[in-house]
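What follows draws every value from the coordinates through simple rules; no lab data is involved. It should be emphasised that the depicted structure is a prediction, and the values quoted were computed from it without experimental measurement. A quick note on method: Cβ atoms are made from the backbone with ideal geometry, for glycine too, and the neighbour counts reach across all protein chains shown.
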Amino acid sequence: MRASTPSLARRFLRLKAVKPLLFALCLLPIASLFWRGWTNDLGPNPEQTVIWTTGLWALRLLLLTLAITPLRKFTGWAELARFRRMFGLFVFFYAALHFTAWLGLVNGFSVDMALRDIAKHPFVLAGMTALALMTPLALTSTNGMIKRLGAKRWQRLHRLVYGVGVVAVFHFWWGKLAKNNTASPTVYALILALLLVLRLWWAWRAAQARRAQARQSQTAEGQGNNQGNSRSLA
C-alpha cells in the first residue's frame, strides 16, 4: 500500500530553512526596539515602552508555545513539534529582557529601589514568579538534560509551563488593572483558558481509555482463568 503524499503545508514545515526563518521572526521585536531606540522613536516614556514590549512578546510566544500541541493534534502536522523548544527559549529570552529592563531602566539595578517598587506595584512579584518558574525549564531544555533527568521526570518538570502561563497572564492582567485597561489581558486569558481546557479534556479522555483497557485486560484474564479451571475439572 502506497503512503499518502504529505500536504503542501507539511512539506513546507519540513524544509530546513523554516526553523532559521522562524528564529529570525522571533528576533524582530527586539530588533524593532533597537531600531526605535536608535531613531529616538520609543515615545515619551522609552523605559515603559521597552518593558511592555518585551513582556508582551514573552506572553505571546508563551501562548504560541502552548498552542503547538493542540495545533499538531488538530492538523496532524507532527512537524510543528520541532519548533516548540525554540519558541519556549524565546519566551525565556524575552521574559529575562523584560525583568532586566524593569530592574535596570526603572530601578537602576538597585535592590532597595526594586523592593520598594514591588511594595508599590505587587503585580511585579507575579512576573518575577513566572520568570523563576521558567528558569528550570530553560536550563533543562537540552537533549543532554532530558537524558540525565529521564523522559518521565523531564515531562513532569516541564508541566510547570502551564503554571507559568497562568501566573504570566495574571501578571499582565493585574498590571493593566492599575490603568483600568483589562480588555487586552482578558483576550490573552481566554486564549490560555482554551488551551488549558483542551489539555484537560485530552488528559481525561486518555485516563478513561486507560481505565477501559485495564478493565478489558482484567476481564480477559478472568475469562482465561475460568477456561483453565474448566479444563482442569474436565
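Counted as membrane-span-like here are DSSP H helices of the chain whose alpha-carbon atoms extend 24 Å or more along the helix's own axis and whose Kyte-Doolittle mean is 0.5 or above; these are 18-38, 46-75, 84-101, 123-139, 160-177. Give, to the nearest whole percent, the P(r) tail of region 26-79 beyond 14 angstrom, counting all Cα pairs. Counting pairs separated by more than 14 Å, the tail of P(r) holds 62 percent. Counting 0.36 nm for each residue step from residue 119 to residue 14 and taking away their Cα separation leaves a gain of 32.9 nm. For residue 110, nonlocal amide neighbours, meaning residues 5 or more places apart or on other chains whose placed amide H falls under 5 Å from its own, do not occur. The Cβ shell under 14 Å around residue 104 holds other residues with a net charge of -2, Lys and Arg each +1, Asp and Glu each -1. When its C-alpha radius of gyration is set against 2.2 N^0.38 Å (N residues), region 101-156 gives a value of 1.59. Where q = 0.07, 0.08 Å⁻¹, what log10 of I(q)/I(0) comes from the Debye formula for the chain, counting one point per Cα? Listed by q, the Debye log ratios stand at -0.35, -0.43.
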